[in-house]
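The values are calculated or read from the model by the stated rules, or taken from the named source; none is laboratory data. For clarity, every value in this text was computed on a predicted model and none was experimentally measured. So basically every Cβ, Gly included, is an ideal-geometry build from the backbone, and we count neighbours across all protein chains shown. Only protein heavy atoms, including side chains, enter the accessible area calculation; ligands, DNA and RNA are left aside. Shrake-Rupley method; radii C 1.70, N 1.55, O 1.52, S 1.80 Å.
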Amino acid sequence: MREPTFGTVSLTPKNVGAFTDITRQLILQSTPAVEALVRDDLTQALALAIDKGALEGSGSSGQPTGILNTSGVNKPTSFAAAVPTFAEMVAMETAVAEDNALSGNLTYIAPAGMYGALKTTAKDAGSGQFVVGPDGNMNGYNTIVSNQVTAGDLYFGNFADLLIGMYGGLDIVVDPYTSSTSGTVRIVALQTCDVAVRHAVSFAFNNDGA
């Protein structure tokens, strides 16, 4: 009989914020719908920043430690060119499988430029198939196209093992004073959160090494 072994993952509160200024004239001329528009824009800005930190956060200067900078993440031999071959993409899957981590929410995340190029990159010389299949997936796995990924980079793994912890809800602060001389109201959105990779071997990262 084998007893389970447990580890710990530490999260530390980090703050991300965004703001926008609304003129007095916009407030006077708009319907109440402008409030929802501004709220949605600020929420999306924070969500994009959190995504960026989860992928590429440096772990310093108030940033979380993203997948790219997490020790132990699989990094196979660099791609031979800016656009990977089908075999090089399979090598990322194989690296995760060799660590017995090929399960869960398995997904590739690619930047738009790479994804577009892979739609016209043949798998091999004779099948007539392309790396991006007719269903939009790659190598049989769900694929997310995101410009939060630096051009040339590619991620693969079980994204259920990427933890994002939220400390409280989204705070919206209305500041009518900072730019009051011009009749402008500043809306500030703040979120406290952190990111942690639960199992580093659940992920693989690669690029052409340039």
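So the values come out like this:
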{"quantity": "Positive minus negative residues near GLY113 (Lys, Arg vs Asp, Glu; Cβ under 14 Å)", "calculated": "-1"}
{"quantity": "Carbon and sulfur %, accessible surface of the range 94-165 computed with the full protein complex present, 1.4 Å", "calculated": "50 percent"}
{"quantity": "Neighbourhood charge, 11 Å Cβ-Cβ cut-off, centred on ASP208 and excluding it, Lys, Arg +1 and Asp, Glu -1", "calculated": "-2"}
{"quantity": "Cβ-defined net charge surrounding ALA196, 14 Å radius [Lys, Arg +1; Asp, Glu -1]", "calculated": "0"}
{"quantity": "Protection proxy ranking of 119-129, 158-168 - average other beta-carbon atoms within 10 Å, highest first", "calculated": "158-168, 119-129"}
{"quantity": "Contour minus Cα-Cα distance for ALA112 and ASP171 (0.36 nm per residue)", "calculated": "18.1 nm"}
{"quantity": "Heavy-atom surface of the range 137-200, accessible at 1.4 Å and reported per residue (Å²)", "calculated": "48 Å²"}
{"quantity": "Unit charges on C-beta of K, R, D, E only; dipole of the range 26-127, Debye", "calculated": "140 debye"}
{"quantity": "Modelled label reach - THR77, point 7 Å along Cα→Cβ, the range 95-128 residues with backbone N closer than 16 Å", "calculated": "95"}
{"quantity": "Phi to ³J(HN,Hα) by Karplus 6.51 cos²θ - 1.76 cosθ + 1.60 over the range 41-49, Hz, x for Gly, Pro", "calculated": "5, 5, 4, 5, 4, 5, 4, 5, 5"}
{"quantity": "Label corresponding to Rg/Rh (Cα atoms, Kirkwood Rh) when calculated from the structure given, among [x] 1.09; [y] 1.04; [z] 1.00", "calculated": "[x]"}
{"quantity": "Distance-filtered residues of the range 155-198 - backbone nitrogen under 19 Å, label point 7 angstrom along ARG24 Cα→Cβ", "calculated": "174-187"}
{"quantity": "Under the Karplus curve 6.51 cos²θ - 1.76 cosθ + 1.60, θ = phi - 60°, whole-Hz ³J(HN,Hα) for the range 150-156, x wherever Gly or Pro sits", "calculated": "4, 3, x, 8, 9, 10, 8"}
{"quantity": "Peptides ranked, highest mean first, by Cβ atoms within 10 Å: ranges 102-108, 65-71", "calculated": "65-71, 102-108"}
{"quantity": "Check: the chain dipole with +1 on Lys, Arg Cβ and -1 on Asp, Glu Cβ, in debye", "calculated": "200 debye"}
{"quantity": "Accessible area of the range 1-69 belonging to carbon and sulfur atoms, whole % at 1.4 Å probe", "calculated": "54 percent"}
